[in-house]
Amino acid sequence: MKIINIARDFSDAPGARYYDDGPNSGQEFREKILEPAFKAEDKITVILDGTEGYATSFLEESFGGLARKYGPDAVKEKITFISEEDPLLVDEIMGYIQEAVAA
């Protein structure tokens, strides 16, 4: 099992959606950290705590983008999200994953 702590392994100041939007984008996180782990590991735990916050576009691009590529069921089956600081983030992310099918 792989543990990804976004604040430690990527940035404590996640940015917006795309590379062009500035540093630490959701696209960068998905392509450089999340997707390689998704391909290599059976289970992933993503720790959301410790950042300055998240733009909705970062979360949608990271996790909704992954679901558009691999399917929402595969993403929900493989990834567990943890946030003690803001437990509603997990519900928000699960919504992006589920809605990604329609995108």
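If you filter segment 22-36 down to residues that are in a loop (DSSP other than H, G, I, E, B) and out of contact with any helix residue (DSSP H, G or I) (no Cβ under 7 Å at 6 or more places or on another chain), you find that the one that is nearest to Arg68 (Cα to Cα) is Asn24. Here the condition is being farther than 24 Å from Val101 by Cβ, touching a residue at least 40 places away in the same chain (Cβ under 8 Å) and not in a helix (DSSP H, G or I); of Asp12, Asp42, it holds for Asp12 alone.
Quick check on segment 53-65. Is at least one of its residues β-branched (Val, Ile, Thr) and crowded, with 20+ Cβ neighbours inside 10 Å? Don't jump to the end; show me each part of the working.
Applying the first criterion (β-branched (Val, Ile, Thr)) to segment 53-65 yields 56.
Filter once more, keeping what is crowded, with 20+ Cβ neighbours inside 10 Å: none.
No, every residue in segment 53-65 fails to be β-branched (Val, Ile, Thr) and crowded, with 20+ Cβ neighbours inside 10 Å.
When the residues of segment 42-52 are narrowed to those that are surrounded by fewer than 15 Cβ atoms within 10 Å (Cβ to Cβ) and closer than 15 Å to Phe81 by Cα, which ends up farthest from the chain's Cα centre (by Cα)? First the steps, then the outcome.
Kept after step one, since they are surrounded by fewer than 15 Cβ atoms within 10 Å (Cβ to Cβ), are these residues of segment 42-52: 42-43, 45, 49-50, 52.
Checking which are closer than 15 Å to Phe81 by Cα leaves us with 42-43, 45, 49-50.
On the way: Asp42: 16, Lys43: 14, Thr45: 10, Asp49: 12, Gly50: 14 Å.
Here the answer is Asp42.
If we scan segment 18-33, do we find a residue that is closer than 18 Å to Gln98 by Cα, of a type in the set (Lys, Arg) and surrounded by 15 or more Cβ atoms within 10 Å (Cβ to Cβ)? For segment 18-33, residues closer than 18 Å to Gln98 by Cα, of a type in the set (Lys, Arg) and surrounded by 15 or more Cβ atoms within 10 Å (Cβ to Cβ): present.
Bear in mind that the values in this text are calculations on the coordinates, not laboratory data. All of these numbers come straight from a predicted model, not from anything done at the bench. Here the Cβ is made from the backbone with ideal geometry for all residues, glycine too, and neighbour counts use every protein chain on show.
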